[in-house]
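Report on one structure; see the data block that follows.
The values are calculated or read from the model by the stated rules, or taken from the named source; none is laboratory data. Since the model is a prediction, treat every value here as computed from it, not as a measurement. When we count neighbours, we look across all protein chains shown, and the Cβ atoms used for this are built from the backbone with ideal geometry, even at glycine.
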Amino acid sequence: MEMKKKATIVDVAKQAGVSVATVSRVVNGNYPVKPETREKVQAAIDALQYVPNVQARELNTRHSSTIGVVVPGLGNMFFAEVIDGIEKSMRRQGDSLLLNCAQNDPELEMECINALVSRNVSGIIVISPNTQGLREEFYRRLVKRIPLVFINGYHRIPNVSYVANDEAMGTHQALEYLWNLGHRRILFVGGENSDSYTVKEKAYRVFTEENGIFDEDNIVDIGEGNNIDTVISARIKLMKVIPKVNPTAVFCCNDLMAMGAIRACKRLGLNVPRDVSVIGYDNIMLSKLVDPQITTMDQNMYQLGSNAAAVLVEMIRGGQSKRITLENILIVRESTAECRQKA
């Protein structure tokens, strides 16, 4: 079967009885056109099912209609919901996005960003970036070339915009909630290669030290924490740790870790929340689909994405960098209860 030839801007101009330049002005919206002429052009576009060449339009307007997004991984629903907020906001602007996955590898993160820059994106959003060490200098150079927004990035770099939850305050709120339930032996479960985990661990250390319950043995690093294997790695690690430290509660840096903690407790014959309370972070969809449903801190995932997109658009149009901080909300479900053990 012969494939139908794709309509060109020349075909549209002939059908509408106008010049190619007039069609271009209607498509790009960059020059005033009489309403009756615009209607003729639009009718021709509809009749011919003409789809504008994005690359040609970008050459005409000297503006890329594509932004870049770098995400640590796709196995954590937190990132999917943040990306949803970004994509819908950019679509309303008539723009699209290119997505690169860094696989929680700081070096690959830089490679992903360089690949996006080479594709001439108009700006870049990095979700949960890694900014320590040599990477800080990388970002300092990068932001001089292209607008840059960090989502849940905490290492301050001049001229980068930041959209984040107050995860330090959220961690404090979660720990205070467990404290008020009577828990004193609270295990901390985190991972590697994330500014977010670092912020939460620092807040945990401050809280437990101030309340006289800090113990280095209660800090657990499960390694990579943002893919579906996180549930398994958290379970395996915690099945070894829990019998040694005998916690009454487990604070987890995300909901995948919390699912692993619940599985570990079940394998050890411990009931959640009667024997051990478990609290997660993020409030991904799965947190209310598992048994027991997970008590967690809501990270406003969609709002993180939509706010980051709005800030990036402002910067692309010449605006200054800014910082937006959202508040976490404690979502109490079934995985936490009053402590029944003696401290």
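Figures for the structure shown
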quantity	calculated
Count of residues meeting criterion [polar (S, T, N, Q) and in a helix (DSSP H, G or I)] in the range 108-125	2
Residue identified as over 30 Å from Asn28 (Cα atoms) and crowded, with 17+ Cβ neighbours inside 10 Å among Glu176, Glu167	Glu167
Checklist (1) over 17 Å from the mean Cα position of the chain (by Cα); (2) assigned by TED's automatic domain parsing to the domain that holds Asp275 applied to Arg135, failing item	(2)
Hey, Val313 farther than 18 Å from Ile232 by Cα, out of contact with any strand residue (DSSP E or B) (no Cβ under 6 Å at 6 or more places or on another chain), surrounded by 16 or more Cβ atoms within 10 Å (Cβ to Cβ) and assigned by TED's automatic domain parsing to the domain that holds Pro158 or not	yes
Boolean, Ser128 is of a type in the set (Ser, Thr, Tyr) and in contact with a strand residue (DSSP E or B) (Cβ under 9 Å, 6 or more places away or on another chain)	yes
Of the criteria (1) without any contact (Cβ under 8 Å) to a residue 60 or more places away in the chain; (2) of a type in the set (Ser, Thr, Tyr); (3) in contact with a helix residue (DSSP H, G or I) (Cβ under 6 Å, 6 or more places away or on another chain); (4) assigned to a helix (DSSP H, G or I), which one Ser233 fails	(3)
Of residues in the range 26-38 being modelled with pLDDT of 80 or more and assigned to a helix (DSSP H, G or I), the one nearest to Ser65 (Cα to Cα)	Val26
Qualifying residues in the range 152-201 (those that are part of a strand (DSSP E or B) and hydroxyl-bearing (Ser, Thr, Tyr)) - the one nearest to Arg340 (Cα to Cα)	Tyr162
Single unsatisfied condition, Val245 versus (1) buried (at least 16 other Cβ atoms within 10 Å of the Cβ); (2) over 19 Å from the mean Cα position of the chain (by Cα)	(1)
Index of the failed condition, Asn226 passing every other in (1) assigned to a helix (DSSP H, G or I); (2) under 29 Å from the mean Cα position of the chain (by Cα)	(1)
Verdict on Gly190 being under 20 Å from Pro72 (Cα atoms) and either out of contact with any Ser or Thr (no Cβ under 7 Å at 6 or more places or on another chain) or surrounded by fewer than 22 Cβ atoms within 10 Å (Cβ to Cβ) (or both)	yes
For Lys144: the one exception among (1) surrounded by fewer than 21 Cβ atoms within 10 Å (Cβ to Cβ); (2) in the same structural domain as Glu192 (by TED's automatic domain parsing)	(2)
Residue match in the range 160-171 (condition: touching a Cys at 6+ places or on another chain (Cβ under 7 Å) and in contact (Cβ under 8 Å) with a residue 12 or more places away in the chain)	no
Cβ-Cβ under 8 Å pairs, at least 6 apart or on other chains, the range 209-222 side closer than 13 Å to Arg185 by Cβ, far side among the charged types (D, E, K, R) and loosely packed, with under 10 Cβ neighbours inside 10 Å	Asp217/Lys244
Out of Val71, Val41, sole residue that is at pLDDT 80 or above, more than 37 Å from the chain's Cα centre (by Cα) and either aliphatic (A, V, I, L, M) or over 30 Å from Met257 (Cβ atoms) (or both)	Val41
Residues that are among the small types (Gly, Ala, Ser) and either in the same structural domain as Ile157 (by TED's automatic domain parsing) or out of contact with any Ser or Thr (no Cβ under 8 Å at 6 or more places or on another chain) (or both), drawn from the range 318-342	Gly318, Gly319, Ser321
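So that you can scan it fast, the table gives a plain yes or no per residue for (1) touching a helix residue (DSSP H, G or I) at 6+ places or on another chain (Cβ under 9 Å); (2) not charged (D, E, K, R):
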position	(1), (2)
Phe150	yes, yes
Thr171	yes, yes
Glu192	no, no
Val206	yes, yes
Asp215	yes, no
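To keep it simple, each residue is scored yes or no on (1) of a type outside the set (Ser, Thr, Tyr); (2) more than 25 Å from Lys288 (Cβ to Cβ); (3) free of Cβ contacts under 8 Å to residues at least 12 places away in the same chain.
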| position | (1), (2), (3) |
| --- | --- |
| Val82 | yes, no, no |
| Glu87 | yes, no, no |
| Met90 | yes, yes, no |
| Gln93 | yes, yes, no |
| Asn104 | yes, yes, no |
| Met110 | yes, yes, no |
| Asn114 | yes, yes, yes |
| Gly123 | yes, yes, no |
| Leu142 | yes, yes, no |
